[in-house]
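The values are calculated or read from the model by the stated rules, or taken from the named source; none is laboratory data. Remember, it's a predicted structure, so these values are computed and weren't measured experimentally. Glycine also receives a Cβ, built like all others from the backbone with ideal geometry; neighbour counts cover every protein chain displayed. The accessibility values were calculated without ligands, DNA or RNA, using every heavy atom of the protein model including side chains. Shrake-Rupley method; radii C 1.70, N 1.55, O 1.52, S 1.80 Å.
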Amino acid sequence: MLYSLYFLTCMVGNTSHCVMRVHHFDEDVATPQQCLSVAQAQMAQWQTTHEGWRVTRFRCGQPPKDDGTRI
């Protein structure tokens with residue numbers, strides 16, 4: 001199973017407005033450890049191009065089973 005990075009982002013000015021994001025890795029990320037080892041760099045890169053948003057939570061694995069507000 002290949003892992004993806006799922007992270008919850010919220011607007012800085014309105015912390016009740018949050019959006020679930022997903023990053024599918026280009027390289028084969030086949031274990032949770034591999035996913036976690038590259039997750040921080042991926043989220044930092046995303047955040048530099050999305051001013052006004054902050055990453056609040058993240059996880060590696062399968063898609064979450066709820067509406068995107070819980071990880």
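Below are the figures for this structure:
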| item | result |
| --- | --- |
| Candidate set from segment 51-68 (those that are assigned to a loop (DSSP other than H, G, I, E, B) and surrounded by 13 or more Cβ atoms within 10 Å (Cβ to Cβ)); member that is modelled with the lowest pLDDT | 68 |
| Total residues in segment 16-49, condition in a loop (DSSP other than H, G, I, E, B), open to solvent by 70 Å² or more (accessible area, probe 1.4 Å), among the polar types (S, T, N, Q) and touching a residue at least 24 places away in the same chain (Cβ under 8 Å) | 0 |
